[in-house]
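Everything below concerns the one structure shown next.
The values are calculated or read from the model by the stated rules, or taken from the named source; none is laboratory data. All values derive from a computational prediction rather than experimental measurement. Note that each Cβ is placed from the backbone with ideal geometry, even for glycine, and that neighbours are counted across all protein chains shown.
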Amino acid sequence: MAGVFRFAPSPNGLLHLGHALSALLNADLAERSCGRLLLRIEDIDRTRCRPELEAAIFSDLGWLGTAWETPVRRQSEHFSDYRQALQKLDAMGLVYPSFESRAEIARLVFARDTEGDWPRDPDGTPLYPGDAKSLSRAEREARIASGAPYALRLDMAAALARLGETGKTLSWRERGEAEDDTVSEVPANPAAWGDVVLARKDVPTSYHLAVVVDDAAQGVTEVVRGRDLFHATSVHRLLQALLGLPAPNYRHHRLISDADGKKLSKSTGATALRALREAGATPADIRRRVGLGDGS
């Protein structure tokens, strides 16, 4: 069956080889299934995302030979969609504001660690250690009205309780990288992430919330993305179940590492595709460098 694939970069830096692998895999798999390839610009962070970097994404992808459907979906144009999803979760009693700063959370985690190892999520980030859930509605409303910064969090325990037995049996369909497209069911463990942030005062969504809303809105059936997002799929499956959204198939591909074995990242200055291109690399060279052959 023809699948609907998507490549979803953020215009907060130039694309590198890791992005090339993901983009080319999506394009190859869409072509192989006689499916569709969509492009989504994940620009919810308006302080770091810039129009010239979005233009660079289009240029690099075009140079690689990928073709995508238009119009392109930009997250910054769909904040109302995310607010609607957040309001639905709030109406279920699953959302609460927390008011601690990052520094305050770090101090709380340090204090908890002195009493024993405070739990971390699969990415190694400490779970939320605060007690904002104990605040009364009046206290919460007063703090928000005062202009205090806040994060809107998902009450994980309440969310799982609402789903009942369904919450205990959540899973997702994972396709391997092998050509036979073997599918396995992976048990989801959203509780490992604690009370995740769904939005902030100044940003009306988070990656977790936006990605499930976007995939459903675009009719995506095949999510092909890096292995670093494998465990986060547990949160996405939980949100899909709560919001009544369809669950796509997932394929979490290998990551491209630097000389030190670390994942390529914009933040650590990974060599950009633009620089490789200017140094004389061809699209076929890029395919070979990311382990996809030369496309011939």
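Restricting attention to the stretch 1-13, the residues being surrounded by fewer than 20 Cβ atoms within 10 Å (Cβ to Cβ), among the aliphatic types (A, V, I, L, M) and in a loop (DSSP other than H, G, I, E, B) number 2. A151 fulfils the conditions (1) over 16 Å from D90 (Cα atoms); (2) surrounded by 15 or more Cβ atoms within 10 Å (Cβ to Cβ); (3) in contact with a Ser or Thr (Cβ under 9 Å, 6 or more places away or on another chain) except for a single criterion, (1). Exactly one residue out of L276, L209, L245, L238 is modelled with pLDDT of 95 or more and not in a helix (DSSP H, G or I), and it is L245. A residue that is within 14 Å of the chain's Cα centre (by Cα), without any contact (Cβ under 8 Å) to a residue 60 or more places away in the chain and under 28 Å from G3 (Cβ atoms) occurs nowhere in the stretch 250-257.
The helices (runs of 4 or more DSSP H) falling completely within the stretch 94-174 that include 2 or more residues that are among the aliphatic types (A, V, I, L, M) and modelled with pLDDT of 95 or more map to 102-114, 137-145, 156-163. Checking each residue in the stretch 60-74 for being out of contact with any Asp or Glu (no Cβ under 8 Å at 6 or more places or on another chain) and touching a residue at least 60 places away in the same chain (Cβ under 8 Å) picks out D60, W63, L64, G65, W68. Within the stretch 125-137, the set of residues being under 22 Å from the mean Cα position of the chain (by Cα) and among the aliphatic types (A, V, I, L, M) comprises L127 only.
Residues in the stretch 204-235 that are in contact with a Ser or Thr (Cβ under 9 Å, 6 or more places away or on another chain) and of a type in the set (A, V, I, L, M): V213, V223, V224. For the stretch 184-202, the count of residues that are in a strand (DSSP E or B), in contact with a strand residue (DSSP E or B) (Cβ under 6 Å, 6 or more places away or on another chain), small (G, A, S) and surrounded by fewer than 17 Cβ atoms within 10 Å (Cβ to Cβ) is nonzero. Inspection of the stretch 269-289 finds no residue satisfying the criterion of being in contact (Cβ under 8 Å) with a residue 60 or more places away in the chain and within 23 Å of P126 (Cβ to Cβ). Taking the criterion of being of a type in the set (S, T, Y), assigned to a helix (DSSP H, G or I) and either farther than 21 Å from E278 by Cα or in contact with a strand residue (DSSP E or B) (Cβ under 9 Å, 6 or more places away or on another chain) (or both), the only residue of the stretch 57-77 that qualifies is S76. For the stretch 95-124, give me the residue count where each residue is surrounded by fewer than 13 Cβ atoms within 10 Å (Cβ to Cβ), within 22 Å of the chain's Cα centre (by Cα) and without any contact (Cβ under 8 Å) to a residue 12 or more places away in the chain. Final tally of qualifying residues: 2. Within the stretch 28-56, the residues that satisfy the criterion of being crowded, with 16+ Cβ neighbours inside 10 Å, out of contact with any Leu (no Cβ under 6 Å at 6 or more places or on another chain) and in a helix (DSSP H, G or I) are D28, L29, L53, E54.
Being surrounded by 14 or more Cβ atoms within 10 Å (Cβ to Cβ), in contact (Cβ under 8 Å) with a residue 60 or more places away in the chain and either in contact with a helix residue (DSSP H, G or I) (Cβ under 7 Å, 6 or more places away or on another chain) or farther than 27 Å from K262 by Cα (or both) is not true of L25. With respect to R83, determine if the residue is in contact (Cβ under 8 Å) with a residue 24 or more places away in the chain, among the basic types (K, R) and closer than 26 Å to D228 by Cα. Taking the combined requirement at face value, the residue does not satisfy it.
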